[in-house]
Amino acid sequence: MHAINYEAPSTVEQAIGLLKSHGEKARPLCGGTDLIIQLRAGVRRPEYIIDVKNIKEMRQISFDAKNGLRLGAAVSCIEIFESEVMRRNYPGLTEAAHLIGSLQIQNRASVGGNLCNGSPAADSTPALIAVGARARLVGPNGEREVSVENFVVSPGRTVIEPGELLVELLVPAPAAHTADAYLRLIPRNEMDIAIVGVGSSLTLDGDKVTAARIGLGAVAATPLLAAKAAESLIGKKLDDSAIDTAARLASDQAAPIDDMRGTIEYRQHVTGVLTRRTLLIAAERARKK
Ligand SMILES: Cc1cc2nc3c(=O)[nH]c(=O)nc-3n(C[C@H](O)[C@H](O)[C@H](O)COP(=O)(O)OP(=O)(O)OC[C@H]3O[C@@H](n4cnc5c(N)ncnc54)[C@H](O)[C@@H]3O)c2cc1C
């Protein structure tokens, strides 16, 4: 590995200043579980690493029932799993964070890094899409918000402009009788990349669905919002026929590749299966709220 300068700013302003002054030569680091591997493989060759784990604002989980969640980009996956606030309000997003790698990886890895890495198969991204998360980016020209479904533009590429930092993820507070769920299929029991990942969120009024969002991972060049599938549920009783329709629409939207992990047909089929299962889990959770 080549020589690298390491900086660990303690404020967002300092981090932006460093990213601005070093330009393309700098790269932010949250947990490093993707970045360090990319450095070793020579895929990325930054001269400066800007470690953002010392920035307090980026390490916070804060929630209130009116404004929702502010999840710092550098909060580790294990901190998410151990947070009562996260488990209670966003169980699907919490289970997605807790599926990433092993416990050792989760101690370092963040949901922010998972999103910024731009992988179509990132586990937490479909779960973020399902809960309607927006990414708050801060850069030398100010700040902006981007919905997570529009964040990744192609494999490994995101909307982040040079000098910009993902500071936090903003998630609406769940309405009454709202819950989410995330499931993925991997070829082994753990430590593998998803063949398909699906996150679903539902709001129920009695048996009727009043709001729904479905996020799909590993079935296209970028994580997807399955808008038609989710919209097909609105106003309907959540019975077998409604779930079948949503699962078929999600499966139709999947445009996966054929590789050693699975064929196109298999991935499309699994998309429908996981859509069905996540909807059922989310509904069961929503009824208890
Ligand atoms: C053994 C192993 C198992 C894994 N298993 C899984 C798995 O099951 N599921 C899964 O989805 N992933 C998995 N991964 C990949 C990785 O752990 C995750 O993507 C993780 O969430 C990345 O987070 P991080 O904080 O370590 O990111 P980092 O490595 O720090 O950063 C990732 C990328 O995002 C950029 N970046 C980081 N933070 C910011 C920011 N705040 N603003 C702008 N850019 C930023 C970095 O420059 C880098 O390009 C695994 C990795 C390993 C090594």
> In the range 230-256, which residues are of a type outside the set (D, E, K, R) and exposed (fewer than 15 other Cβ atoms within 10 Å of the Cβ)?
Replying inline: I234, G235, S241, A255
> Counting only residues that are near the ligand (Cβ under 9 Å from one of its atoms) and closer than 23 Å to A282 by Cβ, which one in the range 107-134 is farthest from the chain's Cα centre (by Cα)?
Replying inline: A121
>> Residue under question is L216, and the condition is that it be surrounded by fewer than 24 Cβ atoms within 10 Å (Cβ to Cβ), within 25 Å of R134 (Cα to Cα) and either in contact with a helix residue (DSSP H, G or I) (Cβ under 8 Å, 6 or more places away or on another chain) or among the charged types (D, E, K, R) (or both); does it hold?
In response: no
> If you check L39, L29, which single one turns out to be touching a helix residue (DSSP H, G or I) at 6+ places or on another chain (Cβ under 7 Å) and surrounded by 14 or more Cβ atoms within 10 Å (Cβ to Cβ)?
Replying inline: L29
> Of the residues in the range 183-205, how many are within 18 Å of I100 (Cβ to Cβ) and either of a type in the set (D, E, K, R) or away from the ligand (no atom under 11 Å from the Cβ) (or both)?
Replying inline: 12
> When the range 30-71 is examined, which residues are found to be touching a Lys or Arg at 6+ places or on another chain (Cβ under 8 Å), outside any loop (DSSP other than H, G, I, E, B) and either touching a residue at least 40 places away in the same chain (Cβ under 8 Å) or more than 8 Å from the ligand (Cβ to nearest atom) (or both)?
Replying inline: L35, L39, Y48, I49, I50, R59, I61, S62, F63
> Does A74 fit the bill of being assigned by TED's automatic domain parsing to the domain that holds V148, in contact (Cβ under 8 Å) with a residue 60 or more places away in the chain and small (G, A, S)?
Replying inline: no
> Any residue in the range 167-188 that is in a loop (DSSP other than H, G, I, E, B) and in contact with an Asp or Glu (Cβ under 6 Å, 6 or more places away or on another chain)?
Replying inline: yes
>> With within 13 Å of the ligand (Cβ to nearest atom) and over 15 Å from V131 (Cα atoms) as the only criterion, which of L238, L166 stands out?
In response: L166
> Where residues in the range 135-151 are in contact with a helix residue (DSSP H, G or I) (Cβ under 7 Å, 6 or more places away or on another chain) and not acidic (D, E), which of them is farthest from A73 (Cα to Cα)?
Replying inline: P140
> Would a scan of the range 86-96 turn up a residue that is part of a helix (DSSP H, G or I) and at pLDDT below 95?
Replying inline: no
> Mind checking which pairs have a first residue in the range 92-112 that is over 18 Å from L169 (Cβ atoms) and a second that is at pLDDT below 95 and of a type in the set (A, V, I, L, M), Cβ under 7 Å, 6 or more apart or different chains?
Replying inline: G101/M191; S102/M191
>> Checking K20 against (1) assigned to a helix (DSSP H, G or I); (2) in contact with a strand residue (DSSP E or B) (Cβ under 7 Å, 6 or more places away or on another chain); (3) touching a residue at least 60 places away in the same chain (Cβ under 8 Å); (4) within 22 Å of E143 (Cα to Cα), only one condition comes out false. Which one?
In response: (2)
> Among V148, V153, V159, which is the only one that is of a type in the set (V, I, T), under 30 Å from E284 (Cβ atoms), more than 7 Å from the ligand (Cβ to nearest atom) and modelled with pLDDT of 95 or more?
Replying inline: V148
>> Based on this model, can you work out whether L233 counts as more than 18 Å from I195 (Cβ to Cβ) and in contact (Cβ under 8 Å) with a residue 40 or more places away in the chain?
In response: yes
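The values are calculated or read from the model by the stated rules, or taken from the named source; none is laboratory data. Bear in mind the structure is a predicted one, so any value in this text is a computation, not a measurement. Please note: Cβ atoms are built from the backbone with ideal geometry, for glycine as well, and neighbour counts cover all protein chains shown.
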